[in-house]
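*Asks:* What follows is a structure written as structure tokens; I'll ask about it next.
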Amino acid sequence: MDSVRVRFAPSPTGYLHVGGGRTALFNWLYARHHRGTFILRIEDTDRTRSTEEAIEQIFASLRWLGLDWDEVYRQTDRFDRHREVGEDLRNRGAAYEEGGALWFRVPREGATTVRDLLAGDVTVQHSELKDFVILRSDGTPVYNFACVVDDHDMGITHVIRGAEHLNNTPKQILLYQALGWEPPLFAHVPLILGPDRSKLSKRHGAGSVLDYDRRGILPEALVNFLARLGWSHGDQEVFSKEELVALFDLPGVNTSAAVFDDAKLLWLNHEWLRRTDPHRLADLLAERIVTLGVADRHAVEAVGRERLARAAVLLRERGKTLVEMAERARPYLPGPIPLPPEAAEVLTPAVGPALAALAERVTALGDPSPAGFEALLKGGAEDLGVPIKALAPAVRVAVTGSRVGPGLYDLLSVVGPEVVADRLRAAARWIKERR
Ligand code: GLU
């Protein structure tokens with residue numbers, strides 16, 4: 001087989017959404033699996049609807065997903081070639097001018113069969129097709145025509161695209177035949193539906209690729225999720241990109257519609273947060289803390305990368321997205337913690353003096369490991385006369401402002417003795433002032 005050449009050919013008329021992201025991924029995986037070439041072709045022939053901003057969004061989305069392209073083209077750069085081929089079709093008698101536009105003459109007799117690698121054989125009687133415009137009166141090419149010329153000229157071997165294009169394919173095959181060109185192989189990937197099996201939309205949680213970044217989804221997780229939207233390998237759910245490259249091929253693509261499930265995306269994201277190197281996670285978290293306004297860059301830098309990596313490991317136990325993690329990161333950042341009125345349930349007058357005394361011991365703590373904090377608290381509970389089951393929740397609320405969170409001793413160890421001591425003192429004062 002000739003070396004594989006595939007393309008992703010988005011029209012830059014809006015954001016790159018889930019369906020487009022999946023098409024891009026399947027083409028990229030197919031190219032990488034077969035050590036072929038992945039081409040990005042911006043189909044900007046519709047000049048009224050295409051925008052530079054959308055083109056930038058497409059590039060940014062693919063970069064964020066980590067789908068690198070080997071060649072890039074803009075269809076508008078190829079108008080001369082499209083006109084030349086249009087002229088050729090006219091000379092062959094396969095196209096004619098009417099109303100200033102150039103029309104393709106569909107044969108009256110016979111039928112065309114698309115031998116699709118996924119959809120199977122799809123036959124259309126020519127009597128069901130009408131002649132169609134290939135060059136508008138302003139000289140710009142229409143999609144079906146520009147697509148054929150470009151796929152041919154770019155040596156595309158496999159056209160992998162959404163099933164919504166299947167009805168264009170007979171027209172494209174007729175164009176190949178009229179030009180005496182060999183058509184590529186076609187693989188139309190089944191549609192993506194919402195969980196209610198209606199057309200996928202925002203209301204199902206599906207957005208643009210970059211919306212997922214804003215929601216705190218990792219690119220690894222979205223790649224994994226998009227791959228599983230219509231492709232499977234046994235009952236495995238979690239795949240790294242390297243595994244996908246090794247395993248992805250067209251026979252694994254399902255032939256029925258895929259169903260979009262936002263809960264599954266969150267589950268996968270959680271899986272990927274847990275698999276991510278803590279230092280990388282620390283960097284992502286630092287950025288998120290700043291962009292969400294949880295704290296400023298200065299505060300994040302004061303924590304340091306090492307400590308932030310440890311905080312990230314605790315935060316990812318419960319956080320399903322980077323946003324959730326960042327929103328809960330406040331306790332790990334320097335400065336006081338606001339105490340809500342409900343804190344009084346555990347920050348009672350009876351524990352106030354014990355917290356103040358504990359603060360002094362924390363300052364002098366020689367071993368700030370989780371075990372060090374555990375020994376300190378348990379010892380404190382004994383000789384300060386407050387049972388550990390009252391002291392531990394009080395310490396947790398004093399340090400985090402909340403009654404839930406990761407293991408207390410891990411948490412204290414990551415926050416560190418200095419900040420813990422400050423917050424214990426602040427909580428003791430808070431109790432006093434409320435009396
Ligand atoms: N520009 C078309 C689209 O965005 C491309 C279709 C194709 O891949 O041929 O839907």
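*Asks:* Among the listed residues 30, 73, which satisfies the condition of being assigned to a helix (DSSP H, G or I), within 15 Å of the ligand (Cβ to nearest atom) and more than 16 Å from the chain's Cα centre (by Cα)? Explain how you work it out, then say what you get.
*Replies:* Values: 73 fails: assigned to a helix (DSSP H, G or I).
Going through 30, 73 in turn, the sole match is 30.
*Asks:* Output the number of the condition that residue 216 fails; it satisfies all remaining conditions of (1) touching a helix residue (DSSP H, G or I) at 6+ places or on another chain (Cβ under 8 Å); (2) in a helix (DSSP H, G or I); (3) away from the ligand (no atom under 16 Å from the Cβ); (4) not hydroxyl-bearing (Ser, Thr, Tyr).
*Replies:* Failed condition: (2).
*Asks:* Checking residue 309 against (1) touching a Ser or Thr at 6+ places or on another chain (Cβ under 9 Å); (2) farther than 14 Å from residue 224 by Cα, only one condition comes out false. Which one?
*Replies:* Tallying (1) touching a Ser or Thr at 6+ places or on another chain (Cβ under 9 Å); (2) farther than 14 Å from residue 224 by Cα, residue 309 fails exactly one: (1).
*Asks:* Based on this model, can you work out whether residue 178 counts as over 32 Å from the mean Cα position of the chain (by Cα) and either on the phi < 0 side of the Ramachandran plot or within 12 Å of the ligand (Cβ to nearest atom) (or both)?
*Replies:* Working: over 32 Å from the mean Cα position of the chain (by Cα): yes; either on the phi < 0 side of the Ramachandran plot or within 12 Å of the ligand (Cβ to nearest atom) (or both): yes.
Considered against the rule, which asks whether it is over 32 Å from the mean Cα position of the chain (by Cα) and either on the phi < 0 side of the Ramachandran plot or within 12 Å of the ligand (Cβ to nearest atom) (or both), residue 178 comes out as yes.
*Asks:* Out of the residues in region 47-67 that are touching a residue at least 40 places away in the same chain (Cβ under 8 Å) and in a loop (DSSP other than H, G, I, E, B), state the one that is farthest from residue 7 (Cα to Cα).
*Replies:* 47
*Asks:* On to the next question. Please go through region 113-144 and give me each residue that is surrounded by 14 or more Cβ atoms within 10 Å (Cβ to Cβ) and either over 21 Å from residue 189 (Cβ atoms) or of a type in the set (Phe, Trp, Tyr) (or both), ordered by number.
*Replies:* 126, 129, 132, 133, 134, 135, 136, 139, 140, 141, 142, 143
*Asks:* Turning to a different aspect of this structure: Please go through region 368-401 and pick out each residue that is of a type in the set (Asp, Glu) and surrounded by 13 or more Cβ atoms within 10 Å (Cβ to Cβ).
*Replies:* Just the residues of region 368-401 that are of a type in the set (Asp, Glu), to begin with: 374, 382-383.
Residue satisfying the conditions is 374 alone.
*Asks:* Sticking with this structure for a sec: Kindly indicate whether any position in region 78-89 is in contact with a strand residue (DSSP E or B) (Cβ under 6 Å, 6 or more places away or on another chain) and either within 14 Å of the ligand (Cβ to nearest atom) or in a strand (DSSP E or B) (or both). Don't jump to the end; show me each part of the working.
*Replies:* Within region 78-89, the subset in contact with a strand residue (DSSP E or B) (Cβ under 6 Å, 6 or more places away or on another chain) is 82, 86, 89.
If we keep only those that are either within 14 Å of the ligand (Cβ to nearest atom) or in a strand (DSSP E or B) (or both) as well, we get none.
Checked against the condition, which is being in contact with a strand residue (DSSP E or B) (Cβ under 6 Å, 6 or more places away or on another chain) and either within 14 Å of the ligand (Cβ to nearest atom) or in a strand (DSSP E or B) (or both), region 78-89 yields no hits at all.
*Asks:* Tally up the residues in region 162-205 that are more than 18 Å from residue 129 (Cβ to Cβ) and part of a helix (DSSP H, G or I), please.
*Replies:* Matching residues across region 162-205 total 4.
*Asks:* Is it fair to say residue 221 is more than 16 Å from the ligand (Cβ to nearest atom), crowded, with 17+ Cβ neighbours inside 10 Å and under 28 Å from residue 88 (Cα atoms)? Before the answer, list the steps.
*Replies:* On the way: more than 16 Å from the ligand (Cβ to nearest atom): yes; crowded, with 17+ Cβ neighbours inside 10 Å: yes; under 28 Å from residue 88 (Cα atoms): no.
When the stated conditions are applied, residue 221 does not pass them.
*Asks:* Assuming residue 164 fulfils every condition listed in (1) within 21 Å of residue 182 (Cβ to Cβ); (2) among the acidic types (Asp, Glu); (3) within 16 Å of the ligand (Cβ to nearest atom) apart from one, which condition is it?
*Replies:* Unmet condition: (1).
*Asks:* Spot the failing condition for residue 350; the list is (1) of a type in the set (Gly, Ala, Ser); (2) without any contact (Cβ under 8 Å) to a residue 60 or more places away in the chain; (3) assigned to a helix (DSSP H, G or I), and only one is missed.
*Replies:* Only one criterion in (1) of a type in the set (Gly, Ala, Ser); (2) without any contact (Cβ under 8 Å) to a residue 60 or more places away in the chain; (3) assigned to a helix (DSSP H, G or I) is unmet by residue 350, namely (3).
*Asks:* Collect the residues in region 1-25 that are within 11 Å of the ligand (Cβ to nearest atom) and either among the hydrophobic types (A, V, I, L, M, F, W, C) or assigned to a helix (DSSP H, G or I) (or both), keeping them in residue-number order.
*Replies:* Hits for region 1-25 are 6, 8, 9, 16, 19, 20, 23, 24.
*Asks:* Can you name the residue in region 145-161 that is surrounded by fewer than 19 Cβ atoms within 10 Å (Cβ to Cβ) and in a helix (DSSP H, G or I) and, of all such residues, is nearest to the ligand (Cβ to nearest atom)?
*Replies:* Residue satisfying both the conditions and the ranking: 152.
*Asks:* Follow-up. Among the numbered criteria (1) part of a loop (DSSP other than H, G, I, E, B); (2) buried (at least 20 other Cβ atoms within 10 Å of the Cβ), which single criterion is violated by residue 326?
*Replies:* That leaves (1) as the condition not met.
*Asks:* Could I ask something else about it? Given the criteria over 19 Å from residue 143 (Cβ atoms) and either within 15 Å of the ligand (Cβ to nearest atom) or modelled with pLDDT under 95 (or both), does residue 35 qualify?
*Replies:* On the way: over 19 Å from residue 143 (Cβ atoms): yes; either within 15 Å of the ligand (Cβ to nearest atom) or modelled with pLDDT under 95 (or both): no.
No.
*Asks:* Residues being over 34 Å from the mean Cα position of the chain (by Cα) and of a type in the set (D, E, K, R): count how many of those fall in region 115-145. Walk me through how you get there before you give the answer.
*Replies:* Within region 115-145, the subset over 34 Å from the mean Cα position of the chain (by Cα) is 123-140.
Then keep just the ones that are of a type in the set (D, E, K, R); that gives 128, 130-131, 136, 138.
The qualifying residues number 5.
*Asks:* Answer yes or no as to whether residue 92 is touching a residue at least 12 places away in the same chain (Cβ under 8 Å), among the charged types (D, E, K, R), farther than 30 Å from residue 249 by Cβ and more than 15 Å from the ligand (Cβ to nearest atom). Break it down into steps so the answer makes sense when it comes.
*Replies:* Details: touching a residue at least 12 places away in the same chain (Cβ under 8 Å): yes; among the charged types (D, E, K, R): yes; farther than 30 Å from residue 249 by Cβ: yes; more than 15 Å from the ligand (Cβ to nearest atom): yes.
Judged against the criteria, residue 92 is a match.
The values are calculated or read from the model by the stated rules, or taken from the named source; none is laboratory data. Model, not experiment: these values are computed from the prediction. Because the Cβ atoms are built from the backbone with ideal geometry, glycine has one as well, and the counts that use them run over all protein chains shown.
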